[in-house]
Amino acid sequence: MDTNQDTLLFRFASKSLKYFLLVLFGIAIAYVLSSGLGILKIIPILLYLLQQFLLPVGIILLCFITIAVIIESLR
């Protein structure tokens with residue numbers, strides 16, 4: 001069997017999910033450090049970034065993952 005049987009869409013969705021979760025983890029670390037160290041001016045910037053950029057990207061990524069799972073199950 002070939003070890004690389006995944007479709008291009010599935011590989012793209014999994015890599016995108018990996019980097020999306022890494023970005024969320026980085027934002028969570030920045031949020032905790034800024035609130036712990038008393039640098040409260042960065043918190044509205046992080047919340048704006050989450051609402052305006054990462055929420056739509058997360059929804060699109062969820063759609064990619066759903067489509068990739070459906071295509072893989074049909075194969």
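Its residues counted as N, the chain yields a C-alpha radius of gyration over 2.2 N^0.38 Å of 1.48. Element breakdown for the chain at a 1.4 angstrom probe: carbon and sulfur atoms account for 75% of the accessible area. In the context of the full set of protein chains, residues of the chain present 79 Å² of accessible surface per residue (probe radius 1.4 Å, heavy atoms only).
Phi angles across the stretch 50-60 convert, under the Karplus curve 6.51 cos²θ - 1.76 cosθ + 1.60 with θ = phi - 60°, into 3J(HN,Hα) values of 5, 6, 8, 10, 7, 5, x, 5, x, 5, 5 Hz, Gly and Pro given as x.
Each stretch of four or more DSSP H residues adds -39500 (n - 2.57); spread over every residue of the chain, this sum gives -26000 deg cm²/dmol at 222 nm.
The values are calculated or read from the model by the stated rules, or taken from the named source; none is laboratory data. Please read these numbers as outputs of a predicted model, since none were measured by experiment. Remember, those area values only see protein heavy atoms, side chains included, never the ligands or the DNA or RNA. Shrake-Rupley method; radii C 1.70, N 1.55, O 1.52, S 1.80 Å.
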